[in-house]
1. What is the set of long-range amide H partners of Lys87 at a cut-off below 5 Å, with H atoms built 1.01 Å from backbone N?
2. Can you give me the accessible area per residue for the chain, using a 1.4 Å probe, in Å²?
3. Most mobile of Thr31, Thr69, Thr78 per a Gaussian network model of the chain (Cα springs, under 10 Å)?
4. On a full-extension model of 0.36 nm per residue, what is the gain between Ala42 and Ser17, subtracting their alpha-carbon distance, rounded to one decimal in nm?
5. Ser25 versus Gln1, label points 7 Å from Cα toward the beta carbon: distance in nm?
6. Out of all DSSP beta bridges with both ends in the chain, state the antiparallel percent to the nearest 5.
7. On the protein heavy atoms, probe 1.4 angstrom, tell me the percent of accessible surface of region 27-92 carried by carbon and sulfur.
8. Got the relative contact order for region 14-123 handy, in percent, Cα pairs under 8 Å and 6 or more residues apart?
Amino acid sequence: QVQLVESVGGLVQPGGSLRLSCVASGRTSSTYSMGWFRLSPAKGREFVTAFPLAGGTPYYAVSVKGRFTISRDNAKNTVNLQMNSLKSEDTAVYYCAARTGGAYYVDSSYRYWGQGTQVTVSS
């Protein structure tokens, strides 16, 4: 079992920045690839970004590429999501998730999920 806990989100003005963190605990010695999804009433659950299973350049959704950056600190079992130039359409509940296989952009590929954290972009 792996437990994932996201940091608290918040309210940000358009054009602002916010950093989310996700701490993993439990069987973190297993090989998992981490990703972020988001859920909104308008779009449902959608892929945001993820690390490839074999390492390398992360994947990003077209809507966030160039604005969001995923990073990790293996020593702290933490994955971060730096969000810059935020837009109102980025408003959603953000989830970190862990997978051992499957397509990176498909939510059913991810076995473990955090509880989600609300990010609201509004003036």
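1. Gly15
2. Numbers: 6350 Å² over 123 residues.
For the chain, the per-residue accessible area is 52 Å².
3. Comparing Thr31, Thr69, Thr78 in a Gaussian network model of the chain, the most mobile one is Thr31.
4. Net length gain for the segment: 6.8 nm.
5. About 1.2 nm separates the two model spin labels.
6. 95 percent
7. Details: 1710 of 3470 Å².
For region 27-92, the apolar C and S fraction of the accessible surface comes to 49 percent.
8. On the way: 215 pairs, mean separation 35.9, N = 110.
With pairs under 8 Å counted, the relative contact order is 33 percent.
The values are calculated or read from the model by the stated rules, or taken from the named source; none is laboratory data. Nothing here was measured: the structure is a model prediction, and the numbers come from that model. Glycine gets a Cβ as well: all are built from the backbone with ideal geometry, and neighbour counts include every protein chain shown. Please note that ligands, DNA and RNA were not included when accessible areas were found on the heavy atoms of the full protein model with its side chains. Shrake-Rupley method; radii C 1.70, N 1.55, O 1.52, S 1.80 Å.
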